[in-house]
Each structure stands twice: as C-alpha cells, then as structure tokens.
Amino acid sequence: MRHVGWVAGAAAAVLVAAGAVTYAVASDGGSGTKVPGAESADAGFARDMAVHHQQAVEMSYIVRDRTKNEEVRRLAYDIAQTQANQRGMLLGWLDLWGLPKVSAEPPMTWMGMGDMASGKDGALMPGMATNTELKKLGTLDGKQAEIFYLQLMTAHHKGGIHMAEGCVAKCTVGVEKDLAQGMVDAQQSEIQLMADMLKERGAQARS
C-alpha cells in the first residue's frame with residue numbers, strides 16, 4: 001500500500017511541475033522562443049504520447065470495474081489521473097503552437113521509426129495493447145484481471161519510456177524535455193511496483 005502512495009506522490013509532483021511547464025510554454029509567446037514545426041520531435045511526441053496515454057487511461061478504468069482489490073484500483077486510478085492530465089497538457093501545447101493534433105505521417109516518424117510495423121489490431125506504438133487484448137481485459141475478473149492489467153501496463157510503460165527518452169534526446173523545447181524526463185522517472189518506479197504486485201500474485205511481466 002505504501003508503495004502505491006509513494007508513486008502517487010511522485011506522479012503528483014510531476015503534474016505540479018507540468019502545470020508550471022504549461023504556464024511557461026503559454027507565456028513564452030513574446031520571448032522569442034522558437035515555436036516547433038509540425039514535423040518536429042516536439043510536435044510528434046506530443047501527438048503520439050497523447051494517443052499512447054489515452055489507452056493507458058482506458059485500460060485503467062476497465063480494470064477498476066473488474067476488481068475490488070484496493071491496491072490495484074488505487075494504482076489504476078493514479079495512472080488514469082496522471083496520464084489524463086499529461087495528455088491534456090500535450091494537446092494544449094499543440095494548440096498553443098498552432099499545430100495539428102493529427103499527422104498524415106505514421107506514428108513514431110519523429111523518432112525515425114515511421115516504417116515500424118504499427119497499427120496491427122490497434123497497437124499503433126511501442127507497448128500499446130491490441131484491441132483483442134483490451135476486449136479480453138474487459139472479460140476478466142478479480143485476480144485474473146489484475147494480473148493481465150499489470151502485464152499490459154508494464155509493457156505499455158516500457159513503450160512509453162522509450163518514447164519519452166526519445167523526446168529527451170530529440171525535443172528542443174526545454175520544458176517538454178523536462179516533462180518527458182519526469183515521465184521516464186515516474187513510469188520506471190511504477191514498473192518496479194507492478195513487478196512486485198505481479199510477484200505477489202504468482203505472475204510476472206510478459207517477455
């Protein structure tokens with residue numbers, strides 16, 4: 001229980017920082033800061049991570065309806081709230097920059113991975129669950145739902161970390177790089193927490 005609370009506190013700290021980030025980006029209009037282009041890593045990361053986060057929110061609300069375990073429900077709620085808020089910030093930045101929220105280019109093009117096999121059964125980006133897996137999660141209950149959710153979310157976080165690290169390396173807007181690094185740190189902590197929760201249930205992350 002205390003691990004979930006610690007992660008939730010870390011996530012809250014990221015969101016507080018991100019709130020300042022949003023204000024900083026919004027107030028940079030007259031400072032001469034260059035607005036990123038539509039095909040930039042900054043814009044690509046904002047678009048792709050918004051989609052990636054939306055699925056995490058969806059999975060988290062599914063499992064909250066499939067189990068009564070308070071530890072899993074609390075983790076799912078924390079992930080859903082954190083990623084929904086971050087998604088709003090990412091889309092808000094695109095609005096502030098006057099850039100489209102969708103692109104004709106394939107996902108991950110900004111990372112040089114636009115030719116990766118993507119979109120299979122709804123899995124558009126690294127770590128994303130397929131539509132079939134989401135449907136399966138919605139049919140499970142109790143311990144089975146908990147295990148499957150923790151496995152799906154572990155893979156999801158690993159993919160998200162890969163993308164966030166890409167932004168840290170390639171993005172040019174400093175505050176966005178900082179938010180991306182915060183995502184890396186928070187999701188790495190949650191991966192360890194989920195590994196412990198899976199072990200308690202006699203399971204482990206999928207390879």
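The values are calculated or read from the model by the stated rules, or taken from the named source; none is laboratory data. Treat the numbers as computed from the prediction; the structure is a model and nothing was measured. Don't worry about glycine lacking a Cβ; one is built from the backbone with ideal geometry, like all the others, and counts go over all protein chains shown. For accessibility, only protein heavy atoms count, side chains too; no ligands or nucleic acids. Shrake-Rupley method; radii C 1.70, N 1.55, O 1.52, S 1.80 Å.
Values for this structure:
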item: Size of electric dipole in the range 72-178: Cβ of Lys, Arg +1 and of Asp, Glu -1, about Cα centre, debye, nearest 20; result: 240 debye
item: Å² of accessible area per residue within the range 108-207, as computed with a 1.4 Å probe and no ligands counted; result: 46 Å²
item: GluC sites (Glu not before Pro) restricted to the range 38-92 and DSSP loop, no more than 16 other C-beta within 10 Å; result: 39
item: Cα gyration tensor category, rounded, prolate or oblate, for the range 59-139 with a/c compared to 1.5; result: oblate
item: Part-to-part distance (alpha-carbon centres) for the range 94-156 and the range 182-202, which is given in Å; result: 18 Å
item: Rounded percent of accessible protein surface that carbon and sulfur make up, the range 67-207, 1.4 Å probe; result: 51 percent
item: Förster radius 41 Å - calculated FRET efficiency between residue 39 and residue 207, Cβ distance, rounded to 0.05; result: 0.75
